[in-house]
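Chemist: Structure incoming, see below.
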Amino acid sequence: RPNQHSIQMNLRNNHGCTHFIIGRDMAGSKSSVTGDDFYGAYEAQDLAKEMSERLGVKTVPSLNLVYSEEAGYVTADEADEKNYTQMKLSGTKFRKMLRGGEDIPEWFAFKSVVKVLRDNQ
């Protein structure tokens, strides 16, 4: 079971936070043999919600948003249901492009953010 969220929620509560934004795949770890996820994509969110009252922190689940050519930003579920073309850029590819001075698509990151990241490498 993904437990990282409970440690993070407790830590933030100790520092006065009242809410915790938790991503879709916070506990993302894959098998080195098959490449399959050990945990379900929303398992950490579900467990954090169960524990939120006991830990004294409200959870705010982060939606899994994607960018589609047809409708702009939508949830991944909606894009799948409507068969939209999803634009994807992994964190690894983004960092490589950032370091290499390549253009970063505006659907992925604001130009002002890219500038700050490049200025502070």
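Chemist: Measure off 7 Å from each Cα along the Cα-to-Cβ vector at residue 119 and residue 50, then give the distance between these two points in nanometres to one decimal.
Modeler: Here the answer is 4.6 nm between the modelled labels.
Chemist: OK, next. Can you give the longest stretch of the chain with no exposed loop site, where a site means GluC sites (Glu not before Pro) in a DSSP loop (not H, G, I, E or B) with at most 12 other C-beta atoms within 10 Å?
Modeler: Answer - 1-68.
Chemist: I would also like to ask the following. Specify the longest stretch of the chain that does not include any exposed loop site, a site being one of the chymotrypsin sites (Phe, Trp or Tyr not before Pro) with a non-H, G, I, E, B DSSP assignment and at most 12 other Cβ atoms within 10 Å.
Modeler: Looking at the chain, 39-109 is the longest stretch - no exposed chymotrypsin sites (Phe, Trp or Tyr not before Pro) with at most 12 other Cβ atoms within 10 Å.
Chemist: Right, here's the next one. Return the calculated 222 nm mean residue ellipticity for the chain, to the nearest 500 deg cm²/dmol, obtained by summing -39500 (n - 2.57) across DSSP H runs with n ≥ 4 and dividing by the residue count.
Modeler: Result for the chain: -12000 deg cm²/dmol, rounded to the nearest 500.
Chemist: Considering only the other residues whose Cβ falls under 15 Å of the Cβ of residue 119, what net charge follows from Lys and Arg at +1 and Asp and Glu at -1?
Modeler: Value of the local net charge: +4.
Chemist: Under a point spin-label approximation (7 Å from Cα along Cα-to-Cβ), what is the residue 39-residue 106 distance to one decimal in nm?
Modeler: For the pair residue 39/residue 106, the computed spacing is 3.7 nm.
Chemist: I would also like to ask the following. Excluding residues fewer than 8 places away in the same chain, name every one of the lysines whose C-alpha is closer than 27 Å to that of residue 93.
Modeler: 30, 82, 111, 115
Chemist: I'd like the antiparallel share, as a percent to the nearest 5, of DSSP beta bridges with both residues in the chain.
Modeler: Just about 65 percent of them are antiparallel.
Chemist: Continuing with the same structure: How large is the charge dipole for the chain, taken about the Cα centre, if only the Cβ atoms of Lys, Arg (+1) and Asp, Glu (-1) carry charge, to the nearest 20 debye?
Modeler: Using only the charged Cβ atoms, the result is roughly 680 debye.
Chemist: Here is a further query. Check each of the trypsin sites (Lys or Arg not before Pro) in segment 39-121 and keep only those in coil by DSSP with at most 15 other C-beta atoms within 10 angstrom; list them in order.
Modeler: Sparse-neighbourhood loop trypsin sites (Lys or Arg not before Pro): 82, 88.
Chemist: How much net charge surrounds residue 87 when only other residues with a Cβ under 15 Å from its Cβ are counted (Lys, Arg +1; Asp, Glu -1)?
Modeler: -3
Chemist: Between residue 78 and residue 65, what is the spin-label point distance in nm, taking each point 7 Å from the Cα along the Cα→C-beta axis?
Modeler: Between residue 78 and residue 65, the label points sit 1.0 nm apart.
Chemist: Specify which residue in the list 91, 9, 116 is farthest towards the positive end of the charge dipole of the chain, using unit charges on the beta carbon of Lys, Arg (+1) and Asp, Glu (-1), about the Cα centre.
Modeler: Of the listed residues, the answer is 116.
Chemist: For volume of the Cα convex hull per residue in Å³, pick the label among [x] 101; [y] 239; [z] 161 that corresponds to the value derived from the coordinates.
Modeler: The value matching this structure is [z].
Chemist: What does the accessible area per residue of the chain come to in Å², with a 1.4 Å probe and no ligands, DNA or RNA counted?
Modeler: 71 Å²
Chemist: OK, next. Can you tally the net charge around residue 100? Count Lys and Arg as +1, Asp and Glu as -1, for every other residue whose Cβ sits under 15 Å from the Cβ of residue 100.
Modeler: Net of charged neighbours comes to +3.
Chemist: Let me ask another. What lysines sit close enough to residue 58 to cross-link, taking a C-alpha to C-alpha distance under 25 Å and skipping anything fewer than 8 places away on the same chain?
Modeler: Leaving aside lysines fewer than 8 places away in the same chain, those within reach of residue 58 are 49.
The values are calculated or read from the model by the stated rules, or taken from the named source; none is laboratory data. In this text, all values refer to a predicted model and were calculated from it rather than measured experimentally. Quick reminder, even Gly has a Cβ in these numbers, built from the backbone with ideal geometry, and neighbours come from all protein chains shown. Just so you know, the surface numbers come from the protein's heavy atoms only, side chains and all, with ligands and any DNA or RNA stripped out. Shrake-Rupley method; radii C 1.70, N 1.55, O 1.52, S 1.80 Å.
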